[in-house]
Amino acid sequence: MASRSTTQYGVAPRYLIAEAARILRVKPVTLRTWCVGWKETRARRAQPPVIRPDGDQVEGPFLSFFNLIEAGFLNAYRETGAPMQRVRGALAFCRTRLSIPRPLLTERFRLDGKDLVLEFDKGLLNASASGQYLWPELVERWLRDIDFDSLGPTQVWIAGREHSLLVNPRIGFGVPILASCGVRTEEVVARFHAGEGPREIAEDLGAKEDEVLEAIRWETAPPLAA
């Protein structure tokens, strides 16, 4: 269960690796590597973390909602097959040359990121038939599903904006919820397993039956490998 910490949004979650990995549908071992890096061995060189966890490093690491957004971007880019070293380089370029300390948390990066990264390495991007460089679709979709305000990301539609599943650090301690009523998806599926039907649950919550079914499907998806 996500615990609480204070950010500019007041009470916000601090996710354990396993919980953040479940929300993002990424393997916990992969997410941990992004957050802590790895030491040098005979087979590979040492690598620093790609994400710097905002929470306690002693018992965790614990990740903030902002870390969750950063990890979601990395996961989307990894799924395109782009080498992680290129992603590391692009982010380092934004931090050092463009003075953007956490580029993945800025709406500027969502709107202009393809041009910023193009300046670093055109090999990161896909060329369209018109010769314009665009984000790969998986990355474009992830960025499109994040809402921003002047302080940074405020919430993310974890199954896409066309669906009803939302993660908002100010609601339900940042675990997935039904956007229409704010009820945790884990509570929906608990009621379903207790014998209540989707229509009954929906009527009680003031939600649509399709939203309840979506929450059940999301919560009961096969677990990721460790």
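The values are calculated or read from the model by the stated rules, or taken from the named source; none is laboratory data. Since this is a predicted model, take the numbers as computed values, not measurements. Note that each Cβ is placed from the backbone with ideal geometry, even for glycine, and that neighbours are counted across all protein chains shown.
Regarding segment 63-70, can at least one residue be identified that is surrounded by fewer than 20 Cβ atoms within 10 Å (Cβ to Cβ), of a type in the set (S, T, N, Q), assigned to a helix (DSSP H, G or I) and within 16 Å of the chain's Cα centre (by Cα)?
Looking for residues that are surrounded by fewer than 20 Cβ atoms within 10 Å (Cβ to Cβ), of a type in the set (S, T, N, Q), assigned to a helix (DSSP H, G or I) and within 16 Å of the chain's Cα centre (by Cα), one finds none in segment 63-70, hence no.
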Among residues of segment 8-52 being over 19 Å from ARG86 (Cα atoms) and in contact with a Phe, Trp or Tyr (Cβ under 7 Å, 6 or more places away or on another chain), the residue modelled with the lowest pLDDT is ALA12
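Here is a list: ALA76, ALA92. Which entry is assigned to a helix (DSSP H, G or I) and touching a residue at least 12 places away in the same chain (Cβ under 8 Å)? Don't jump to the end; show me each part of the working.
Numbers: ALA92 fails: touching a residue at least 12 places away in the same chain (Cβ under 8 Å).
Answer to the selection: ALA76.
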Could you list, ordered by first residue, the pairs with Cβ atoms under 7 Å in which the first is in segment 204-223 and under 11 Å from THR185 (Cβ atoms) and the second is among the acidic types (Asp, Glu) and surrounded by fewer than 19 Cβ atoms within 10 Å (Cβ to Cβ), at least 6 apart or interchain?
GLU219/GLU186
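Taking the conditions exactly as written (buried (at least 16 other Cβ atoms within 10 Å of the Cβ), over 24 Å from GLN85 (Cα atoms) and in contact with a Phe, Trp or Tyr (Cβ under 6 Å, 6 or more places away or on another chain)), does GLY55 satisfy them or not? Explain how you work it out, then say what you get.
Details: buried (at least 16 other Cβ atoms within 10 Å of the Cβ): yes; over 24 Å from GLN85 (Cα atoms): yes; in contact with a Phe, Trp or Tyr (Cβ under 6 Å, 6 or more places away or on another chain): yes.
So GLY55 fits the description; yes.
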Anything in segment 210-226 that is modelled with pLDDT of 80 or more and surrounded by 13 or more Cβ atoms within 10 Å (Cβ to Cβ)? List them, or say none.
GLU211, VAL212, LEU213, GLU214, ALA215, ILE216, ARG217, TRP218, GLU219
Sort out which residues of segment 78-118 are closer than 19 Å to LEU151 by Cβ, at pLDDT below 70 and buried (at least 17 other Cβ atoms within 10 Å of the Cβ), and write them in order of number.
PHE109, ARG110, GLY113
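Could you tell me which of the residues ASN168, ASN126 is over 22 Å from GLY81 (Cβ atoms) and either modelled with pLDDT under 95 or in contact with a Gly (Cβ under 7 Å, 6 or more places away or on another chain) (or both)?
On the way: ASN126 fails: over 22 Å from GLY81 (Cβ atoms).
Answer to the selection: ASN168.
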Where a residue in segment 150-175 is more than 21 Å from ALA76 (Cβ to Cβ) and in contact (Cβ under 8 Å) with a residue 40 or more places away in the chain and its partner, wherever it lies, is in a loop (DSSP other than H, G, I, E, B) and not aliphatic (A, V, I, L, M), with Cβ under 6 Å and at least six apart
LEU151/GLN8; ARG170/TYR9
Have a look at ALA207, ALA202 and point out the one that is in a loop (DSSP other than H, G, I, E, B), of a type in the set (A, V, I, L, M, F, W, C), at pLDDT 90 or above and surrounded by 13 or more Cβ atoms within 10 Å (Cβ to Cβ).
ALA207
